[in-house]
1. What are the ³J(HN,Hα) values, in whole Hz, obtained from phi via the Karplus relation 6.51 cos²θ - 1.76 cosθ + 1.60 with θ = phi - 60°, for each residue of the range 102-113 in sequence order, with x given for Gly and Pro?
2. Using all Cα-Cα distances in the range 23-80, what percent lands in each 10 angstrom bin from 0 up to the longest?
3. Taking the chain as the reference, fit the longest principal axis to its C-alpha atoms, fit the long axis of helix 74-90 to the helix C-alpha atoms, and give the angle between the two in degrees, 0 to 90, nearest 10.
4. Say each of Glu10 and Trp85 gets a label point 7 Å from the Cα, pointing the same way as Cα to Cβ; how far apart are those two points in nm?
5. What size of dipole, in debye to the nearest 20, comes out for the chain about its Cα centre when the only charges are +1 on Lys and Arg C-beta atoms and -1 on Asp and Glu C-beta atoms?
6. Label points 7 Å out from Cα along the Cβ direction at Ser51 and Asn21: separation in nm?
7. Taking the Cα-to-Cβ direction at Glu74 and at Asn41 and moving 7 Å from each Cα, how far apart do the two end points lie in nm?
8. About the Cα centre of the range 30-110, what is the dipole size in debye to 20, counting +1 per Lys and Arg Cβ and -1 per Asp and Glu Cβ, all else neutral?
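Every number in this text was worked out from the coordinates using simple rules, so none of it is lab data. Since the model is a prediction, treat every value here as computed from it, not as a measurement. Note that we place each Cβ from the backbone using ideal geometry, even for glycine, and neighbour counts take in every protein chain shown.
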Amino acid sequence: MSTKMQSGEEHHEELVKGLYNQMKPVLDGSEQPIFIYLDDNHKACNNKLASMLGFKSPQEWAEKQGFLEVYVTEKSRETLSTAYWNAMKKMAASTIQLTWMKKDGATIDSTMILVPMFFQGHLFSVHFVTSAASK
């Protein structure tokens, strides 16, 4: 029996992968861009979100370190942060207006539903996005 402890980083990566695999039929089948968020460095998205933001793949999107400063315009950061903390503390889903920053620096407006989700003892947020361009 191994006495090696699993690092928090490895554990978080496995948690994100586990929830991603559980939600794979929704992530692959939905018309909406979707992402799963545990923390700034442990997140996953479907192809639609990666493409919407100008990334070649969900893996390229998830490799970026950080979140608000990387993907969200300054004017939308407080809105998203408040919705996220309400989801985490009150277990309350919400719908917000959000402006994203694409990989190339362009912006895209969207409506996003943020839902708290519990998986293997950890609280995640799952986000369903509708871009203004697809309305």
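1. 7, 4, 7, x, 5, 10, 9, 7, 8, 10, 9, 9
2. So the P(r) values, bin by bin, are 23, 54, 22, 1.
3. So the helix axis and the longest Cα principal axis differ by about 40 degrees.
4. Each label point lies 7 Å from its Cα, and together they span 3.4 nm.
5. 260
6. About 2.6 nm, to one decimal.
7. Calculated label separation equals 2.6 nm.
8. The dipole of the range 30-110 has a size of about 140 debye.
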